[in-house]
Amino acid sequence: MALVGSIHVELKSTLPIFTLSDTSGITYDSKDLSGDKGLLVIVTCNHCPYAIAVWPRLVRLAKAFRAKGINSIAINPNIHPDFPQDSPSAMLEKIEEWGIDFPYLVDDTQEVAQALDAQCTPDIYLYDAEGQLYYHGRIDDYWKDESKVTQKELEPAMDALIAAQPAPKKQYPTVGCSIKWNDA
């Protein structure tokens, strides 16, 4: 698995308009997903060790911040015949195993990941209530082992968004496995 970093995406970029389904066939429209304060979008998958390591943190953050007005979704663009561990049926297993209680969506055309300029799993985006990018970066300073984290970055950004403060000046890229593009 190739280590890849996220690329710079301009703050205030607009959330792409999209419609995706979850593993049960329920359809979600991007214009209806945001909470009163914003939307956390996580481009991720099931098999990448970087994604696996941060899933528990993301599930906890999603739950804590839903009550504060930020909704969350995860988008899996790795629907690729060479990676059956990322298939919709495997996603169902992970939803149960990891206790994911927010929409985990199938991007089988990879159009949404491309529109976001996503590069890796995970690639994390925080949008304000108007759909403007507020934060694009890593969850914290040590993806591999939560007990060794010395600086959280996503959580303080979410707090700042809720408090209507300016976006964090320094936003470090996420790192993870490359997205398994279907045309590659």
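Contact annotation: residue pairs with Cβ atoms under 6 Å, 6 or more positions apart or on different chains, pairing a residue in the stretch 14-33 that is on the phi < 0 side of the Ramachandran plot and in contact (Cβ under 8 Å) with a residue 24 or more places away in the chain with a partner that is of a type in the set (Ser, Thr, Tyr) and surrounded by fewer than 19 Cβ atoms within 10 Å (Cβ to Cβ), are Leu20/Tyr28; Ser21/Thr27.
The residues of the stretch 42-54 that are under 10 Å from the mean Cα position of the chain (by Cα) and not polar (S, T, N, Q), listed by number, are Ile42, Val43, Cys45, Ala51. Considering Ala157, Ala163, Ala167, the condition of being crowded, with 16+ Cβ neighbours inside 10 Å, free of Cβ contacts under 8 Å to residues at least 60 places away in the same chain and either in contact with a helix residue (DSSP H, G or I) (Cβ under 8 Å, 6 or more places away or on another chain) or over 18 Å from Val4 (Cβ atoms) (or both) is satisfied by Ala157 alone. For the stretch 91-103, state whether one or more residues are within 12 Å of the chain's Cα centre (by Cα) and β-branched (Val, Ile, Thr). No, the stretch 91-103 contains no residue that is within 12 Å of the chain's Cα centre (by Cα) and β-branched (Val, Ile, Thr).
Summed over the stretch 34-50, residues that are touching a residue at least 60 places away in the same chain (Cβ under 8 Å) and under 14 Å from Asp107 (Cβ atoms) total 5.
I'd like the residue in the stretch 70-97 that is among the β-branched types (Val, Ile, Thr) and not in a loop (DSSP other than H, G, I, E, B) and, out of all such residues, is nearest to Ala157 (Cα to Cα). Going through the qualifying residues, I end up with Ile70.
For the residues Asp101, Asp117, the requirement of being crowded, with 17+ Cβ neighbours inside 10 Å and closer than 25 Å to Leu133 by Cβ singles out Asp117.
Residue count for the stretch 100-118 satisfying the condition of being in a helix (DSSP H, G or I) and small (Gly, Ala, Ser): 2.
Please specify each residue of the stretch 120-130 satisfying the condition of being more than 15 Å from the chain's Cα centre (by Cα) and either buried (at least 19 other Cβ atoms within 10 Å of the Cβ) or among the charged types (D, E, K, R) (or both). Matches in the stretch 120-130: Glu130 only. Here's a check for you: in the stretch 104-114, which residue that is touching a residue at least 40 places away in the same chain (Cβ under 8 Å) and not aliphatic (A, V, I, L, M) is surrounded by the fewest Cβ atoms within 10 Å (Cβ to Cβ)? Among those residues, the one meeting the criterion is Glu111. In this entry, Asp36 passes the filter for residues that are more than 17 Å from the chain's Cα centre (by Cα), farther than 13 Å from Ile124 by Cα and not hydrophobic (A, V, I, L, M, F, W, C). A single entry from Gln114, Gln151 fulfils the requirement of being farther than 23 Å from Asn46 by Cα, modelled with pLDDT of 95 or more and polar (S, T, N, Q): Gln151.
Annotation: of all residues in the stretch 1-46 being of a type outside the set (Asp, Glu) and touching a Pro at 6+ places or on another chain (Cβ under 6 Å), the one that is surrounded by the fewest Cβ atoms within 10 Å (Cβ to Cβ) is Gly5.
The values are calculated or read from the model by the stated rules, or taken from the named source; none is laboratory data. Because the structure is predicted, anything quoted here is derived from the model rather than measured. All Cβ positions, glycine included, derive from the backbone under ideal geometry; neighbour counts span all protein chains shown.
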